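Colleague: I'd like to ask some things about the structure below.
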Amino acid sequence: MDLDFSPEDIAFREEARAFIAENYPQALREKQQRGEDLGKEDYLSWHRILAKKGWSVPSWPAEFGGTGWTPTQKYIWSEEQARADTIGILPFGVSMLAPVIYTFGTQEQKEKFLPGIRDGLVWWCQGYSEPGAGSDLASLKTKAERVTEADGKEYYIVNGQKTWTTLGQHADWGFFLVRTDPNAKPQAGISFLLIDMKTPGIEVRRITTLEGGHEVNDVFLDNVKVPVENRIFHENQGWTCAKALLAHERSGIAGVARSKRGLERVREIASTEQSDMGGPLLNDPFFRRKVAELEIDLTALEFTELRTLAGESSGKGPGPESSILKIKGTEIQQRLNELALEAVGHYGAPYLRDIGHNTNIGPDYAEGLAGDYFNGRKTSIYGGSNEIQRNIIAKAVLGL
């Protein structure tokens with residue numbers, strides 16, 4: 001694809017940069033700078049500002065509220081958000097569920113659910129993984145039995161447990177994979193349901209992650225009653241929806257623009273920190289080599305992502321290349337976390353969980369790096385582990 005910026009692209013970059021500078025909430029920026037945990041309204045505030053501008057769903061088809069941007073404009077927008085350290089719009093509704101709804105959903109479902117996702121009015125969570133079904137998702141056990149009540153209305157009665165439900169404590173609705181035919185082959189007996197998280201029988205329990213945060217949850221479903229009209233696509237064919245959603249999720253996990261900003265931060269830290277041999281750490285040949293290798297890999301990933309964007313803009317959905325983006329993107333993110341923690345050395349230790357936050361020790365930029373490192377270990381697991389992604393590439397791309 002042509003990577004030369006046209007005058008229109010340059011003008012768009014200036015517009016995007018100015019819009020962020022003028023409209024990004026200052027209170028949210030200050031919370032980020034202090035390293036405070038963000039709440040539901042913090043995440044949704046920026047989403048709603050973008051929705052008002054018409055920029056909240058740039059990858060959607062224009063008929064459903066998409067911007068109609070070119071691949072280059074989408075690239076520029078990602079770059080400018082990363083440059084300004086804005087929080088990202090949460091992917092669960094916008095990037096993961098919405099493509100499933102506008103691809104497989106009925107007209108009534110599109111009209112009911114897409115506006116709330118686009119405008120940041122409804123928070124969605126994902127109910128995929130279970131205690132015994134993670135990378136082997138098709139072995140899920142949560143069951144949904146179809147019943148007809150006296151008034152003729154049909155429902156699913158859902159029982160089971162989901163785990164690692166990210167930010168489920170804030171969710172208004174969730175999209176769940178459930179087993180509707182226990183006698184079918186694993187992938188053939190699954191359906192895709194949209195469930196109101198306020199429905200009686202749903203319990204969300206906190207899971208405390210390694211760095212001490214509350215980001216993920218267990219979700220228990222005990223005789224949860226779900227109208228049949230909340231099923232997307234055909235009964236027992238939810239695996240088709242699940243695969244499409246995972247392809248979009250894996251593409252988004254790559255996070256190239258934010259990794260580029262992360263690499264800049266590593267350079268800034270290494271320019272300040274001193275090496276054992278004297279002089280800035282960035283001048284140390286061994287550390288500089290790690291930075292250079294990472295930058296090369298990140299550039300290669302960036303071009304792969306751009307090719308994927310170009311394909312999506314021509315009507316081609318993400319395919320097996322999303323597995324490549326997921327593998328390399330998460331490996332790069334983890335290497336960035338490792339380099340940042342290596343750069344600050346022992347200054348990272350005071351911010352380990354159970355040691356506490358001692359702001360009198362070390363530079364401000366060291367705070368939170370250990371937490372980022374520990375939390376980032378998950379990225380090569382969620383969205384389908386990187387081992388599974390390699391199997392997909394071997395089968396779908398290499399034909400092995």
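The values are calculated or read from the model by the stated rules, or taken from the named source; none is laboratory data. Note that this is a predicted model, so its numbers are computed, not measured. Heads up, the Cβs are rebuilt from the backbone with ideal geometry, glycines too, and the neighbour counts pull from every protein chain shown. Please note that ligands, DNA and RNA were not included when accessible areas were found on the heavy atoms of the full protein model with its side chains. Shrake-Rupley method; radii C 1.70, N 1.55, O 1.52, S 1.80 Å.
Colleague: Quick check: is even one residue across region 277-298 without any contact (Cβ under 8 Å) to a residue 40 or more places away in the chain, basic (K, R) and open to solvent by 30 Å² or more (accessible area, probe 1.4 Å)?
Modeller: Taking region 277-298 as the starting set, the residues that turn out to be without any contact (Cβ under 8 Å) to a residue 40 or more places away in the chain are 277-280, 282-286, 288-289, 292-293, 295-297.
In the following step, the residues that additionally are basic (K, R) were identified as 288-289.
From the residues that got through so far, the ones that are open to solvent by 30 Å² or more (accessible area, probe 1.4 Å) too are 288-289.
So far as region 277-298 goes, yes, one or more of its residues are without any contact (Cβ under 8 Å) to a residue 40 or more places away in the chain, basic (K, R) and open to solvent by 30 Å² or more (accessible area, probe 1.4 Å).
Colleague: Taking region 136-146, which residues are open to solvent by 50 Å² or more (accessible area, probe 1.4 Å) and at pLDDT 95 or above? First the steps, then the outcome.
Modeller: So in region 136-146, the residues open to solvent by 50 Å² or more (accessible area, probe 1.4 Å) come out as 136, 141, 143, 145-146.
Of everything in region 136-146, those that are open to solvent by 50 Å² or more (accessible area, probe 1.4 Å) and at pLDDT 95 or above turn out to be K141, K143, E145, R146.
Colleague: Going by the structure shown, is S259 at pLDDT 95 or above, among the small types (G, A, S), surrounded by 15 or more Cβ atoms within 10 Å (Cβ to Cβ) and closer than 30 Å to K74 by Cα? Give the steps one after another, and end with the answer.
Modeller: Values: at pLDDT 95 or above: yes; among the small types (G, A, S): yes; surrounded by 15 or more Cβ atoms within 10 Å (Cβ to Cβ): yes; closer than 30 Å to K74 by Cα: yes.
Against the criterion (at pLDDT 95 or above, among the small types (G, A, S), surrounded by 15 or more Cβ atoms within 10 Å (Cβ to Cβ) and closer than 30 Å to K74 by Cα), S259 qualifies.
Colleague: Check E367, E338, E331, E342 and return the single one that is within 24 Å of the chain's Cα centre (by Cα), modelled with pLDDT of 95 or more, more than 30 Å from K243 (Cβ to Cβ) and not aromatic (F, W, Y). Break it down stepwise before answering.
Modeller: Details: E367 fails: modelled with pLDDT of 95 or more; E331 fails: more than 30 Å from K243 (Cβ to Cβ); E342 fails: within 24 Å of the chain's Cα centre (by Cα).
Testing whether each residue is within 24 Å of the chain's Cα centre (by Cα), modelled with pLDDT of 95 or more, more than 30 Å from K243 (Cβ to Cβ) and not aromatic (F, W, Y) leaves just E338.
Colleague: Also, I was wondering about something else. Does region 23-41 contain any residue that is more than 30 Å from L245 (Cβ to Cβ), part of a loop (DSSP other than H, G, I, E, B) and within 21 Å of the chain's Cα centre (by Cα)?
Modeller: So far as region 23-41 goes, yes, one or more of its residues are more than 30 Å from L245 (Cβ to Cβ), part of a loop (DSSP other than H, G, I, E, B) and within 21 Å of the chain's Cα centre (by Cα).
Colleague: Could you list, in sequence order, the residues of region 164-183 that are under 20 Å from the mean Cα position of the chain (by Cα) and crowded, with 20+ Cβ neighbours inside 10 Å? Working first, answer last.
Modeller: Residues of region 164-183 that are under 20 Å from the mean Cα position of the chain (by Cα), as a first pass: 164-177.
Hits for region 164-183 are W164, T165, G168, A171, W173, G174, F175, F176, L177.
Colleague: Sticking with this structure for a sec: (1) in a helix (DSSP H, G or I); (2) surrounded by fewer than 16 Cβ atoms within 10 Å (Cβ to Cβ): which one isn't true of A51, the others all being true?
Modeller: For A51, the exception is condition (2).
Colleague: Check N337 against each of (1) part of a helix (DSSP H, G or I); (2) within 28 Å of A396 (Cα to Cα); (3) open to solvent by less than 60 Å² (accessible area, probe 1.4 Å) and name the one condition it does not meet.
Modeller: (2)
Colleague: Okay, moving on. Cβ contacts < 9 Å: first residue more than 24 Å from G93 (Cα to Cα), restricted to region 180-207; second residue open to solvent by less than 30 Å² (accessible area, probe 1.4 Å) and in a loop (DSSP other than H, G, I, E, B), any location; separation 6+ or different chain. Result?
Modeller: Partner pairs satisfying both residue conditions: P186/L140; G189/T180.
Colleague: Follow-up question, since we're still on this one. Can you confirm whether G383 is surrounded by 20 or more Cβ atoms within 10 Å (Cβ to Cβ) and modelled with pLDDT under 95? Steps first, please.
Modeller: Details: surrounded by 20 or more Cβ atoms within 10 Å (Cβ to Cβ): yes; modelled with pLDDT under 95: yes.
Taking the combined requirement at face value, the residue satisfies it.
Colleague: Only residues in region 333-345 that are in contact (Cβ under 8 Å) with a residue 24 or more places away in the chain count as the first member; pair them with residues that are open to solvent by less than 20 Å² (accessible area, probe 1.4 Å) and polar (S, T, N, Q), Cβ under 8 angstrom, at least 6 apart or cross-chain, and list the lot.
Modeller: Taking only residues 6 or more apart or on different chains, the pairs are Q333/S259; Q333/T379; Q334/T379; L336/S259.
Colleague: Please count how many residues of region 286-315 are in a helix (DSSP H, G or I), over 22 Å from R261 (Cβ atoms), of a type outside the set (A, V, I, L, M) and at pLDDT below 95.
Modeller: Residues of region 286-315 in a helix (DSSP H, G or I): 286-313.
Subset that is over 22 Å from R261 (Cβ atoms): 286, 310-313.
Still in the running and of a type outside the set (A, V, I, L, M): 286, 311-313.
Keeping just the survivors that are at pLDDT below 95 gives 311-313.
Matching residues across region 286-315 total 3.
Colleague: Report, by residue number, each residue of region 386-400 that is open to solvent by 60 Å² or more (accessible area, probe 1.4 Å) and closer than 16 Å to S135 by Cβ.
Modeller: Matches in region 386-400: E387, R390, N391, K395.
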